[in-house]
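Below: the structure, in structure tokens.
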Amino acid sequence: MAQSAQPNDAFNPTNMLANFTKMMEQFKMPGVDMAAIMEARRKDFEALALANQTALRGMQALGEKQAAILQTTLTELQSLMQQAAQPGSATEKSAKAGELVQQGLQKALVNMRELAEAGYKAQADTFAVVSKRVQENIQELKTLLQPQK
């Protein structure tokens, strides 16, 4: 049994603004600029879409950074295994292994810091988009609430 209409059409982002517009047109009130209200809601939807795009780009950058770190780590591990297979005394191998472990830990800390910074940047960029729209909303609301001359 296939349904021709999708049950979530009301929640489809492309239809949401149109549905909201139709609903608001039913509530015409004297002295209320419905066009300004609708324009403000349109800007809200645009800001929300931009915030989502910004968050997605940030998460993609974070994922790419993680993949690059994994690739580098695997390459270094392969090199370490090749070095361990080379001839040499146990003391030399042990000293070299200790040095490589220390370098690996330092690099892991650097990588953790870089990932944290990438995550913070993604959050900050997304918050900036939303914050800007909130400030615009406050200004629009102040303008709408001022008495008409």
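The values are calculated or read from the model by the stated rules, or taken from the named source; none is laboratory data. For clarity, every value in this text was computed on a predicted model and none was experimentally measured. Every residue, glycine as well, gets a Cβ built from its backbone with ideal geometry; the counts of neighbours run over all protein chains shown.
Listing for the model above:
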{"quantity": "Evaluation of Phe127 against (1) over 30 Å from Arg41 (Cβ atoms); (2) in a helix (DSSP H, G or I) (one fails), failing number", "calculated": "(1)"}
{"quantity": "Residues being at pLDDT below 85, loosely packed, with under 13 Cβ neighbours inside 10 Å and either in a helix (DSSP H, G or I) or touching a Ser or Thr at 6+ places or on another chain (Cβ under 8 Å) (or both) - total across segment 31-63", "calculated": "3"}
{"quantity": "Residue match in segment 97-107 (condition: part of a helix (DSSP H, G or I), closer than 30 Å to Glu39 by Cβ and not polar (S, T, N, Q))", "calculated": "no"}
{"quantity": "Meets criteria (at pLDDT 90 or above and either touching a Leu at 6+ places or on another chain (Cβ under 8 Å) or surrounded by 13 or more Cβ atoms within 10 Å (Cβ to Cβ) (or both)) for Phe127", "calculated": "yes"}
{"quantity": "Filter result for Lys22 (part of a loop (DSSP other than H, G, I, E, B) and either modelled with pLDDT under 75 or closer than 28 Å to Glu117 by Cα (or both))", "calculated": "no"}
{"quantity": "Conditions (1) over 28 Å from the mean Cα position of the chain (by Cα); (2) in a helix (DSSP H, G or I): number failed by Gln66", "calculated": "(1)"}
